[in-house]
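The values are calculated or read from the model by the stated rules, or taken from the named source; none is laboratory data. Source: prediction; values computed, not measured. Here the Cβ is made from the backbone with ideal geometry for all residues, glycine too, and neighbour counts use every protein chain on show. All accessible areas refer to the heavy atoms of the entire protein, side chains included, with ligands and DNA or RNA removed. Shrake-Rupley method; radii C 1.70, N 1.55, O 1.52, S 1.80 Å.
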Amino acid sequence: MRTLEEVQATLQIAKLQDEELQKTIHCLSFGENVSSADYCLLELDDTLCKLIEAGESLVIRGDTDEHAVLCTKDRTYDLKIADTSNMLMFVPDCRTPDQLTNSQENSHIVHTQIWGFSNSYWELRKQRPKLKKLKKVLMENPYEGPALGGKEEDTENRYTMEDLLESIQASEEELKTSLEAVHACQIDGYWRMLDFDYEMKLLGHVTQLVDSESWAFNRVPLQTCLEELAPLEPEQMIEHCLNCYGKRYSENDDVLYALDEDRVCRGMALMLLQNAVKFNLREFQEVWQQSVPEGMSTRLDQLKSVALVDRSSRPETINLLRVEDLSEDTLERFNQLFTLREKWTEDDITPYIKDLCGEKQSTGALLTKHARSSMQNGIKVFNSRRPVAT
């Protein structure tokens, strides 16, 4: 172990003045069997540090064939290894200059052992949760309504919240938000997506009752709905349908729902478009308006991110194109879009790339990076910067 005299001799060789240095001198030595594989370093920002200090957990999620992500209760971070040219050493009880006092007049040595070292650390970057897999696993066994005629329900491929958190690369809050967005329902402790035809059947029952009772669509009484529709469907499913397509509120101890015009119109449009490759736009708009409750108005802007209008064809057409069916990878998403259509207006493409934007990133910035703009008949259009892979 080094002595104070040896340290002072080294300082003289290095031409360093003793008075310019701290009085406490750390002499470091490696402990036995120290390896760089003993520890992993994780770089945390202030927000994550405070979570750890508050006793909250950080969870790493991902299957063996997936790139790992780190999740807090409400955020998802990408994990990447960052190499450093400087060796990072783990030294217990080693105090930094701001923790030292110069109360001692003479220099003194503190001998400290290095517990481990590393030339890399895990770097975190906030990213979008990877939710495409959620719909895939839930659609393995969609709920089609109560089993009829003594037929037993399929109990395979059903998932609790804990199962989904083990499988989906998202935080718990992001997962709950996505479950709500895809109209999933908790049945017997398992999260289930409704079969689309069954969901539309439920919505049809509700809208037909609204029409037959001449209710205003923003004043739909829950209890009457449950009583009238109980012979047709389970009460839980009727209430779930109202939650998906309306907003719950109370008035004089009565529970009412205000049906959301955009959600209902969107649902009816999806039902009409799901089996058609392309639909004559004018005919579609006529049938669509007739399919919604009286007092509701259909508009094409209700179909952003789920349907695409082709104004260049004769007659004009509309077809189903849901953003959720496209790739989560940015490059692959742009390739898919430019394969479907060579040139896009900004209004048409924005709904299909908006979800790709990171924090403080605009769709304009995404388009600048991945597309080339030009003018066509006085309208700005975008085409791919790269050869499109078909």
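Output the residues belonging to segment 4-20 that are open to solvent by 60 Å² or more (accessible area, probe 1.4 Å) and in contact (Cβ under 8 Å) with a residue 24 or more places away in the chain. If the condition is that a residue be open to solvent by 60 Å² or more (accessible area, probe 1.4 Å) and in contact (Cβ under 8 Å) with a residue 24 or more places away in the chain, then Gln8 is the only one that fits. Looking only at segment 97-137, residues that are in a strand (DSSP E or B) and either open to solvent by less than 90 Å² (accessible area, probe 1.4 Å) or of a type in the set (Gly, Ala, Ser) (or both) come to 17 in all. Can you find, within segment 202-224, the residue that is surrounded by the fewest Cβ atoms within 10 Å (Cβ to Cβ) among those that are touching a residue at least 24 places away in the same chain (Cβ under 8 Å) and closer than 22 Å to Glu144 by Cβ? Across segment 202-224, the extreme among qualifying residues is His205. What's the total number of residues in segment 67-96 that are open to solvent by 40 Å² or more (accessible area, probe 1.4 Å) and touching a helix residue (DSSP H, G or I) at 6+ places or on another chain (Cβ under 9 Å)? The total comes to 3.
When you check Leu366 against the structure, is it aliphatic (A, V, I, L, M) and either more than 24 Å from the chain's Cα centre (by Cα) or crowded, with 18+ Cβ neighbours inside 10 Å (or both), yes or no? Before the answer, list the steps.
Values: aliphatic (A, V, I, L, M): yes; either more than 24 Å from the chain's Cα centre (by Cα) or crowded, with 18+ Cβ neighbours inside 10 Å (or both): yes.
Criteria met by Leu366.
Whenever a residue of segment 126-150 is among the small types (Gly, Ala, Ser), its partners that are surrounded by fewer than 18 Cβ atoms within 10 Å (Cβ to Cβ) and at pLDDT below 90, lying with C-beta atoms within less than 7 angstrom and at least six residues away or across chains, give the pairs Ala147/Glu153. Six or more apart or on different chains, Cβ atoms under 8 Å: show the pairs whose first residue is in segment 56-71 and in contact (Cβ under 8 Å) with a residue 12 or more places away in the chain and whose second is assigned to a loop (DSSP other than H, G, I, E, B) and open to solvent by 60 Å² or more (accessible area, probe 1.4 Å). Close Cβ pairs (under 8 Å, with a partner that is assigned to a loop (DSSP other than H, G, I, E, B) and open to solvent by 60 Å² or more (accessible area, probe 1.4 Å)) amount to Glu56/Lys73.
Sort out which residues of segment 368-388 are outside any strand (DSSP E or B) and among the polar types (S, T, N, Q), and write them in order of number. If you could, list the steps in order and put the result at the bottom.
From segment 368-388, those outside any strand (DSSP E or B) are 368-370, 377-378, 385-388; that's our starting set.
Matches in segment 368-388: Thr368, Asn377.
Can you find, within segment 152-186, the residue that is most open to solvent (accessible area, probe 1.4 Å) among those that are under 27 Å from Leu270 (Cβ atoms) and of a type in the set (Gly, Ala, Ser)? Among those residues, the one meeting the criterion is Ala181. Looking only at residues of segment 282-326 that are of a type in the set (Asp, Glu), over 25 Å from His205 (Cβ atoms) and part of a helix (DSSP H, G or I), we find that the one that is nearest to the chain's Cα centre (by Cα) is Glu324.
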